[in-house]
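Shown next, in structure tokens, is the structure this report addresses.
The values are calculated or read from the model by the stated rules, or taken from the named source; none is laboratory data. Keep in mind that this is a model prediction, so the values were computed, not measured. Counting neighbours? That spans all protein chains shown, and the Cβs are built from the backbone with ideal geometry, glycine included.
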Amino acid sequence: MRLVVTILAAALAVIAFPPFGWGIWAVVPGLAGLIWALDGTKGWWRGALYGLVWGFVFYGGLMWWMATLELVAAVGLALLQAFFAGLFGAISTTRWAQSLPPWRRWLLVVGLWAGAEWLRYRYPLGGLEWGALGYALGEHRWLRGTAAWVGTSGLTVLVAATASIVSAPTRIRITALAGFVALLLVGALFPGIPNGPEASMAVVQGATPCPFQHCPDERLGTYRLHLASSQQLPGDTFELVVWSEGSLGSTNADPTKNPEVAESIADEVRRLDSHLLAGSDRVLSEDTWENVNIMWNPDGTIQD
């Protein structure tokens, strides 16, 4: 029964994210289902199993698109991400954790989830923040004021704090919900949104010439699609134009190495009479690289 609930809860958490976008109405009960399954479970290894299963279904469901590139990569990545949910489940079901008073256990569960996510964001190989539960709350405008103060990580902790009341006494449930409402009010009354001069900007999502697969000169084709999309924008209208991550880079679409690319972008920037911020990458060695951003001035020069 607990295993079935774990699987269903993970599937529910998946639909909290796009393209479904159920947001808080799915992500909170999705995590609550796992916490319910862990509560009272005897044996840390069972807790680890429930956490691992939940994580595999959840992260595998979110990153299904990886399978279009390579199935083993999708399965491996889902298992790697699920390890941290398994770690959460293992510690949550130790004798020591189960024997704590309700208040301390509630705080422990929230802290464990936050700690497991902190590790997942950073390890191994730099980590991966994909699937942070706080991102699911971006669907709700009424939470954006709060998000301005606590960020995505804070919203993730908020989800964990709310979901973990599923196995808490009534007093803790009331207190946790009161705290949730208080944070909403603070965000609504003091949204933390800048109220300075407005600026006009355009965001260009040029996509890739070969979705869900690799193809020859893919990055060059991606750059050309971004350039073509940008050329549809009116000139002398925007103060900033943004091209998406991966719109430049590689060996043949790097404006610092390909003069033709550099000249075409400079001409477009001068036509727009706008700053341009584009996502690229930089090769560090034969097998490592890093993401970088490149900013152009309205006169077509690249900022240092």
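Within the range 120-169, the only residue that satisfies the criterion of being buried (at least 19 other Cβ atoms within 10 Å of the Cβ) and at positive phi is Gly131. Scoring Lys257 on the criteria (1) under 30 Å from the mean Cα position of the chain (by Cα); (2) part of a loop (DSSP other than H, G, I, E, B) leaves a single failure, condition (1). Only one of the numbered conditions (1) more than 23 Å from the chain's Cα centre (by Cα); (2) closer than 30 Å to Leu34 by Cα; (3) at pLDDT 80 or above is violated by Phe180, and that is (1). Of the numbered criteria (1) of a type outside the set (Ser, Thr, Tyr); (2) assigned to a helix (DSSP H, G or I); (3) under 21 Å from Tyr121 (Cβ atoms), the one Pro18 fails is (2). Look at the range 276-293: where a residue is within 20 Å of His226 (Cβ to Cβ) and modelled with pLDDT of 80 or more and a partner is assigned to a loop (DSSP other than H, G, I, E, B) and of a type in the set (Gly, Ala, Ser), sitting 6+ places away or on another chain with Cβ atoms under 6 Å, you get Ala278/Ser247; Gly279/Ser244; Gly279/Gly246; Gly279/Ser247.
Please work out which residue is nearest to Trp64 (Cα to Cα), limiting yourself to the range 199-217 and to residues that are more than 24 Å from the chain's Cα centre (by Cα) and at pLDDT 85 or above. Looking at the filtered set, the residue picked out is Ser200.
The residues listed here are Val242, Val269; of these, the one that is within 30 Å of Leu69 (Cα to Cα) and among the hydrophobic types (A, V, I, L, M, F, W, C) is Val242.
When Pro234, Pro216, Pro209 are screened for being in the same structural domain as Ala262 (by TED's automatic domain parsing), surrounded by 13 or more Cβ atoms within 10 Å (Cβ to Cβ) and in a loop (DSSP other than H, G, I, E, B), only Pro209 passes. Of the residues making up the range 237-264, just one is surrounded by 18 or more Cβ atoms within 10 Å (Cβ to Cβ) and among the charged types (D, E, K, R), namely Asp254.
Could you please let me know if Trp106 is part of a helix (DSSP H, G or I), assigned by TED's automatic domain parsing to the domain that holds Trp22, surrounded by 16 or more Cβ atoms within 10 Å (Cβ to Cβ) and touching a Leu at 6+ places or on another chain (Cβ under 8 Å)? Judged against the criteria, Trp106 is not a match. For the range 170-188, a residue qualifies if it is among the small types (Gly, Ala, Ser), in contact (Cβ under 8 Å) with a residue 40 or more places away in the chain and surrounded by fewer than 16 Cβ atoms within 10 Å (Cβ to Cβ), and exactly one does: Ala188. Could you figure out which of (1) of a type in the set (S, T, N, Q); (2) over 16 Å from the mean Cα position of the chain (by Cα); (3) closer than 24 Å to Ile15 by Cα; (4) surrounded by 13 or more Cβ atoms within 10 Å (Cβ to Cβ) isn't true of Thr68? So the condition that Thr68 fails would be (4). If we keep just the residues of the range 260-304 that are of a type in the set (Gly, Ala, Ser) and not in a loop (DSSP other than H, G, I, E, B), which is farthest from Cys215 (Cα to Cα)? Filtering first and then ranking leaves Ala266. Among residues of the range 263-275 being in contact (Cβ under 8 Å) with a residue 12 or more places away in the chain and out of contact with any strand residue (DSSP E or B) (no Cβ under 8 Å at 6 or more places or on another chain), the one that is nearest to Gly126 (Cα to Cα) is Ser264.
The helices (runs of 4 or more DSSP H) found entirely in the range 22-102 that carry 1 or more residues being β-branched (Val, Ile, Thr) are 24-38, 44-62, 71-92.
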